[in-house]
Amino acid sequence: MRWQRFRWLIVSLGLLLFFILLTGVLLRAPLLLTFDQTLTHLIRQPVTPERTWFFRNITRLGNVKFTLVVMIIFSLGLWWRQKLQGALFFAINVGVLALVVNTLIKHLVARPRPLILHLVAAGGFSFPSGHAMNVTLMYGSLIILCNLYVDRFALRAVFNALLTLLIITICLSRVYLGVHFPSDVVAGASLALAELLISRYLFFGPRSVSAIRLN
């Protein structure tokens, strides 16, 4: 019961944060502008060749093409291992909730990208960050599936830590590279987290991870 209350608290906070940021973008709130400018300065400074090289490469792990390849490989792998529920969970989270939903919201909001130096090429609109949604749903789904299907605690702990670090780093890369406002990234990640937890509930029910693994 504690986990259930905590899950819905996180879902509620994620959706609330997303709609607060969405409202700020639509109303062009001065407070949101200050938030974006302050965090952009903190994340981008200093701009060095080494940091640029790192973030340019790490951000590729959230690109649409890479995301689609990972979705196909893992979905087929789970299906081959007869984990059909897990395969559908992963494919819908990545293929629909990440890629399709993000595209629809971007075109509805139509926020231009930041008018600063872009260190990578990026087209289209800015809000919410597609990379933030992609990596939160894709790597977050892998974290959930790892906890469901992997028995060894040490392996799960290492896997979870690496994927969480990857999510955070890719999200930061979008601001450093100048192609997103911090509010784009926070909004994308918070919406994706809410979607991820709702999807987990719909596919696997209210049972705990340990209870599902025993069945």
Hull surface over four for the Cα convex hull of the range 28-104, reported in nm², is 7.6
Log10 I(q)/I(0) at q = 0.16 Å⁻¹ for the range 60-123, from Debye over equal alpha-carbon scatterers, is -0.65
For 40, 164, the accessible-area ranking with a 1.4 Å probe, largest leading, is 164, 40
Accessible-area order for 180, 118, 107, largest to smallest, probe 1.4 angstrom, reads 107, 118, 180
So the compactness index of the range 62-199, its C-alpha Rg divided by 2.2 N^0.38 Å, takes the value 1.07
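Once whole DSSP H runs in the chain are found, which of them have Cα atoms spread over 15 Å or more along the helix axis and a mean Kyte-Doolittle score of at least 0.5?
On the way: long enough: 2-27 (37 Å, 1.50); 30-44 (21 Å, 0.53); 64-80 (24 Å, 1.94); 130-149 (28 Å, 1.07); 153-176 (34 Å, 1.76); 182-204 (33 Å, 1.20).
Those that pass (Cα extent of 15 Å or more, hydropathy at least 0.5) are 2-27, 30-44, 64-80, 130-149, 153-176, 182-204.
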Quick note, the range 84-152: a/c under 1.5 would make it rounded; otherwise a/b > b/c is prolate and the rest oblate (a ≥ b ≥ c, C-alpha gyration tensor); here it is prolate
Probe 1.4 Å, all chains present, heavy atoms only: residue 50 accessible area in Å², nearest 10, is 130
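Compute, for the chain, the length of the dipole vector about the Cα centre, with Cβ point charges of +1 (Lys, Arg) and -1 (Asp, Glu) only. Units Debye, rounded to 20.
Working: 20 positive and 5 negative charges, 71 e Å.
Charge dipole of the chain: 340 debye, to the nearest 20.
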If each part is reduced to its alpha-carbon centroid, the range 1-60 and the range 131-160 end up apart, in Å, by 21
Applying the gyration tensor rule to the Cα atoms of the range 125-169 (axes a ≥ b ≥ c; rounded if a/c under 1.5, else prolate if a/b exceeds b/c, else oblate), the class is oblate
Applied in sequence order to the range 113-126, the curve 6.51 cos²θ - 1.76 cosθ + 1.60 (Karplus, θ = phi - 60°) yields integer Hz couplings, x standing for Gly and Pro, of 6, x, 8, 10, 4, 8, 8, 9, 6, 8, x, x, 8, 9
With the charge dipole of the chain built from beta-carbon charges (+1 for Lys and Arg, -1 for Asp and Glu) about the Cα centre, the Cα from 185, 110, 35 projecting farthest to the positive end belongs to 185
Each label sits 7 Å from Cα toward the beta-carbon; between residue 120 and residue 88 the label points are separated, in nm, by 3.3
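The values are calculated or read from the model by the stated rules, or taken from the named source; none is laboratory data. Computed from a predicted model, the values in this text were never measured in an experiment. Methodologically, a virtual Cβ is constructed for each residue, glycine included, from the backbone with ideal geometry; neighbour enumeration extends over all protein chains shown. Quick note on the areas: whole protein, heavy atoms, side chains included, nothing else; ligands and nucleic acids left out. Shrake-Rupley method; radii C 1.70, N 1.55, O 1.52, S 1.80 Å.
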